[in-house]
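The values are calculated or read from the model by the stated rules, or taken from the named source; none is laboratory data. All values derive from a computational prediction rather than experimental measurement. So basically every Cβ, Gly included, is an ideal-geometry build from the backbone, and we count neighbours across all protein chains shown. These accessible areas exclude ligands, DNA and RNA; they are computed on the full protein's heavy atoms, side chains included. Shrake-Rupley method; radii C 1.70, N 1.55, O 1.52, S 1.80 Å.
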Amino acid sequence: AVDVQAGSGTKPAHLEIETWGWGEGEEAWIIDKFVLPGNLEKDEIWRKLENYWRGKTFERKDGLHLKITRKGIDSGFLTQTVYEFCAGKFPVENILALKGAVKYGAPLVPKKLTDVNSGRTALMMIGTQAAKSIIFGRLNDVKEHGKKYIHFTKAFCDVEYFDQLTAE
């Protein structure tokens, strides 16, 4: 991997953090996944998330240590709380609020970010249909390590994980 990115899903009593390593040709590895329990309306859980993102490094086989360079948080639950946490953190800390685009045919990644929260928070509208199409295509068509291959590990990816990944 040459780049490390992390995303967090918001749930009523916890955050679900998933970290991916990306290599040349969009080859991808899931390299960390865990649940951070806590009340999302309290500062403590957000401090823990920030500390993880700032301090966590991942060691490659060649000994190089990589830090998380890009971070995103799903803002579909407790939207304003997520917006407040993300306020002013892009581009300095590369923390974005994320939301699934409901528009049919929306691109995976928009050409520009949306300003929300009185212009203090950068929001990226993710094309969820485009994402599903790319994931399904790679799961079905890319069978050999290299360009566009997705590496999964039993440590993080059980049957429930794949059920969620492939849910419509």
*Subset of the stretch 57-77 [without any contact (Cβ under 8 Å) to a residue 40 or more places away in the chain and open to solvent by less than 80 Å² (accessible area, probe 1.4 Å)]*: Thr57, Gly63
_Checking the structure you have, find out if any residue of the stretch 153-162 is of a type outside the set (Phe, Trp, Tyr), within 30 Å of Glu24 (Cβ to Cβ) and either in a strand (DSSP E or B) or open to solvent by less than 70 Å² (accessible area, probe 1.4 Å) (or both)._
yes
*Would you call Val142 β-branched (Val, Ile, Thr) and either open to solvent by less than 50 Å² (accessible area, probe 1.4 Å) or at pLDDT 95 or above (or both)?*
yes
*Could you count how many residues in the stretch 118-139 are closer than 25 Å to Ala97 by Cβ, without any contact (Cβ under 8 Å) to a residue 24 or more places away in the chain and open to solvent by less than 40 Å² (accessible area, probe 1.4 Å)?*
1
*Keeping to the stretch 12-40, report how many residues are open to solvent by 90 Å² or more (accessible area, probe 1.4 Å) and touching a Leu at 6+ places or on another chain (Cβ under 7 Å).*
0
*Report yes if Asp115 is within 19 Å of Gly9 (Cβ to Cβ), charged (D, E, K, R) and either open to solvent by 60 Å² or more (accessible area, probe 1.4 Å) or in a loop (DSSP other than H, G, I, E, B) (or both), otherwise no.*
no
